[in-house]
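Visitor: Just passing along the structure, written as structure tokens.
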Amino acid sequence: MTGEDRATHPLWRPLVAGANAARQGQRVAHRQTEPGPLQEHDPSWSGAYATVETVIRGALLDRALGIEHVGSTAVPGLVAKPVIDIDLTVADVGDEPAYLPVLERVGFRLIFRDELAGEPHRHLTFPDPNTNLHVWNSGAIEPRRHALFAEHLRSDATGRRRYGAAKLAAAAAREGGRYNDLKAAAVYEIYERAFRADREHDHDPRPLD
């Protein structure tokens, strides 16, 4: 049976080594507030997310088609850098005048204009609460992947331990690699676990490399 014939989860994509380092050429600016070190989960992060969500909705109104708290701060029991990750979906990422100026007026800063996994993406930051805002087209696959990842980790203690250990090892590494790239294999492994646990879609295991 060929690779094309095997069942593959619709949100699967291969691991791309060094992807975070490769995208640095797309940087527009630097964030207002540095991420800070890893720490134990802080229950106040859900309130911080709610604060930023209110700011976004107040600025964009019905232009905000979807807003979701993703990333490690959305997973109780998982170590994380104290930065709130949010996925925002809009009608057209490329139509920046429809959303970017109003977000900038309320304190967001555009730091990346790029593509991730072949999908147009804008990365903005907010200073306080320290936030990464990822802007995607409605229907984009990547925010669906992020939501599945967080949902799976909230119910999978083994996955939380595996990912937490990978994050700590990446933060302690001295070989000069970028933090996100150093923990990428663990992320990929957890996605595989999430896809295999999904009863609505078939998925054959994929290698880590």
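Visitor: Any idea how many residues of the stretch 40-84 are open to solvent by 70 Å² or more (accessible area, probe 1.4 Å) and of a type outside the set (A, V, I, L, M)? Don't jump to the end; show me each part of the working.
Guide: The initial filter retains those residues of the stretch 40-84 that are open to solvent by 70 Å² or more (accessible area, probe 1.4 Å), namely 40, 43, 46, 51, 54, 57, 61-63, 65, 68, 76.
With of a type outside the set (A, V, I, L, M) added as a condition, the list becomes 40, 43, 46, 51, 54, 57, 62-63, 68, 76.
Qualifying residue count for the region: 10.
Visitor: Select from the stretch 135-151 the residues that are open to solvent by 30 Å² or more (accessible area, probe 1.4 Å) and of a type outside the set (D, E, K, R) and list them in ascending order.
Guide: At the first step, the residues of the stretch 135-151 found to be open to solvent by 30 Å² or more (accessible area, probe 1.4 Å) are 137-139, 141, 144, 146, 148, 151.
Within the stretch 135-151, N137, S138, G139, I141, H146, L148 meet the criteria.
Visitor: Does the stretch 124-162 hold any residues that are farther than 14 Å from D85 by Cβ and hydroxyl-bearing (S, T, Y), and which are they?
Guide: S138, S155, T158, listed by residue number.
Visitor: Considering only residues of the stretch 176-200 that are out of contact with any Leu (no Cβ under 8 Å at 6 or more places or on another chain) and part of a loop (DSSP other than H, G, I, E, B), which is modelled with the lowest pLDDT?
Guide: Residue satisfying both the conditions and the ranking: G176.
Visitor: If you scan the stretch 114-129, which residues turn out to be in a strand (DSSP E or B) and either surrounded by fewer than 18 Cβ atoms within 10 Å (Cβ to Cβ) or not charged (D, E, K, R) (or both)? If you could, list the steps in order and put the result at the bottom.
Guide: Start the filter on the stretch 114-129 by keeping residues that are in a strand (DSSP E or B), which leaves 114-116, 119-126.
If the condition is that a residue be in a strand (DSSP E or B) and either surrounded by fewer than 18 Cβ atoms within 10 Å (Cβ to Cβ) or not charged (D, E, K, R) (or both), then D114, E115, L116, E119, P120, H121, H123, L124, T125, F126 are the ones that fit.
Visitor: Which residues, counting only those in the stretch 93-113, are more than 19 Å from the chain's Cα centre (by Cα) and open to solvent by 20 Å² or more (accessible area, probe 1.4 Å)?
Guide: Listed by number, the residues that qualify are G94, D95, E96, P97, A98, P101, V102, E104, R105, V106, G107.
Visitor: Yes or no: I111 out of contact with any Phe, Trp or Tyr (no Cβ under 7 Å at 6 or more places or on another chain), among the β-branched types (V, I, T) and not in a helix (DSSP H, G or I)?
Guide: For I111, the condition - out of contact with any Phe, Trp or Tyr (no Cβ under 7 Å at 6 or more places or on another chain), among the β-branched types (V, I, T) and not in a helix (DSSP H, G or I) - is met.
The values are calculated or read from the model by the stated rules, or taken from the named source; none is laboratory data. Here the structure is a predicted model, which means the values were calculated and not measured. Neighbour counts are summed over all protein chains in view; Cβ atoms, including those assigned to glycine, are modelled from backbone coordinates with ideal geometry. What goes into the accessible areas is simple: the full protein's heavy atoms, side chains included, and nothing from ligands, DNA or RNA. Shrake-Rupley method; radii C 1.70, N 1.55, O 1.52, S 1.80 Å.
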